[in-house]
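A quick write-up on the structure given underneath.
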Amino acid sequence: MLNRITPFKQIDIFTQVPFKGNPVAVVLNGDKLSTTEMQQIANWIHLSETTFVCTPTNSQADYRLRIFTPQNELPFAGHPTIGSAYAVLKSGLTPQHGQYLVQECDQGLVRIDITDDGLFLTLPQPEKSPLQAEQVKAFSKALGVSASEIHLAETIDVGAVWYTLQLSSAEQVLALQPDMSLLSQAIADGVTGVTVFGQYPENSQTNFEVRSFAPNEGADEDPVCGSGNGCVAAMVRDHQLLKPSEYVASQGVCLGRDGYVSIKFSDDQILLGGFAEVCIDGQLSI
């Protein structure tokens, strides 16, 4: 039987430096593959996410994206969306809308703006609810901090659902050594994981340090998490933690995968983005 050949790229997102940021594997011409094959490929590549670019079913979309972890399919994820958009542009796709792409995925249609500052996706309107006291207590124990050091704690849905916690400082976030077993037990079904953040002093290079933990999704810590940063942005905006209409967060320092996520607030919308780099460009033989 002849092998099927399909183009493949591996992209580092939220960085302009190779081997930093957060990688995603992007398989082009995904229409050739069954759902079972997609899941097998994602498990074999074994990055936090592998995406498959398919023909859109909505005329407003430039392409349809399917997103897989090694274990299951996701309706939406931030850094795979930006990385896949970068991959299709590098593959020669011409956006039908000019300076922005429209991605179709299980979450719906997602707009990705093409700017000199990188690619920016427009997040779905966040849905939020406060964590209960017992949940905060469980997370404080798992993270190794006192409950009083968790200043804000909410469940936030931006297409992916994260428990989102504000700690006292960026330094405290960097010093965390979570108990992954306890953290796993505290994460309910349907919630991706826990994103924590802390603020840097004024006049620092970046405004916040972010870390995202998803032990139940097969990745104890996500190097640079798009949807997790989207949840942080919703909290920053709604609680007025910063006055500027834009900011930069850093993530991945503890894993040696430093990346930078840019956030912009426009009217009632949150735009999340950054740069990307192609690290592998080739073909898959299936």
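Scanning the stretch 203-221 for residues that are assigned to a loop (DSSP other than H, G, I, E, B) and touching a Ser or Thr at 6+ places or on another chain (Cβ under 7 Å) turns up T206, G218.
Among the residues making up the stretch 144-165, those that are touching a strand residue (DSSP E or B) at 6+ places or on another chain (Cβ under 7 Å) and more than 30 Å from C105 (Cα to Cα) are I150, H151, L152. Can we say Q199 is at pLDDT 95 or above and out of contact with any strand residue (DSSP E or B) (no Cβ under 7 Å at 6 or more places or on another chain)? So Q199 does not fit the description; no.
Flag: V224 does not match the condition of being within 15 Å of the chain's Cα centre (by Cα), surrounded by fewer than 20 Cβ atoms within 10 Å (Cβ to Cβ) and outside any strand (DSSP E or B). Taking first residues from the stretch 120-133 that are closer than 25 Å to I150 by Cβ and outside any strand (DSSP E or B) and partners that are modelled with pLDDT of 95 or more and of a type in the set (S, T, Y), the Cβ contacts under 8 Å between residues at least 6 apart in sequence or on separate chains come to L131/T155; L131/Y163. So, in the stretch 227-277, exactly how many residues are charged (D, E, K, R) and assigned to a loop (DSSP other than H, G, I, E, B)? Result for the stretch 227-277: 5. Pairs are defined by a Cβ separation below 9 Å, a sequence spacing of at least 6 or placement on different chains, a first member in the stretch 53-65 that is within 13 Å of T81 (Cα to Cα) and outside the structural domain of L33 (by the TED database), and a second member that is modelled with pLDDT under 95 and crowded, with 18+ Cβ neighbours inside 10 Å; no pair meets this definition.
None of I67, I41, I5 is in contact with a helix residue (DSSP H, G or I) (Cβ under 7 Å, 6 or more places away or on another chain) and among the hydrophobic types (A, V, I, L, M, F, W, C) except I67. State yes or no: is K90 of a type in the set (D, E, K, R), at pLDDT 95 or above and touching an Asp or Glu at 6+ places or on another chain (Cβ under 9 Å)? Judged against the criteria, K90 is a match.
When the stretch 262-286 is filtered for residues that are out of contact with any Ser or Thr (no Cβ under 8 Å at 6 or more places or on another chain), β-branched (V, I, T) and farther than 30 Å from N3 by Cβ, only I263 remains. Screening the stretch 1-30 for residues that are β-branched (V, I, T), surrounded by 17 or more Cβ atoms within 10 Å (Cβ to Cβ) and part of a strand (DSSP E or B) and picking the one that is modelled with the lowest pLDDT gives T6.
Only a single criterion out of (1) surrounded by 14 or more Cβ atoms within 10 Å (Cβ to Cβ); (2) modelled with pLDDT of 95 or more is not satisfied by P70, namely (2).
The values are calculated or read from the model by the stated rules, or taken from the named source; none is laboratory data. Please read these numbers as outputs of a predicted model, since none were measured by experiment. As a convention, Cβ positions derive from the backbone with ideal geometry for all residues, glycine included, and neighbour counts pool all protein chains shown.
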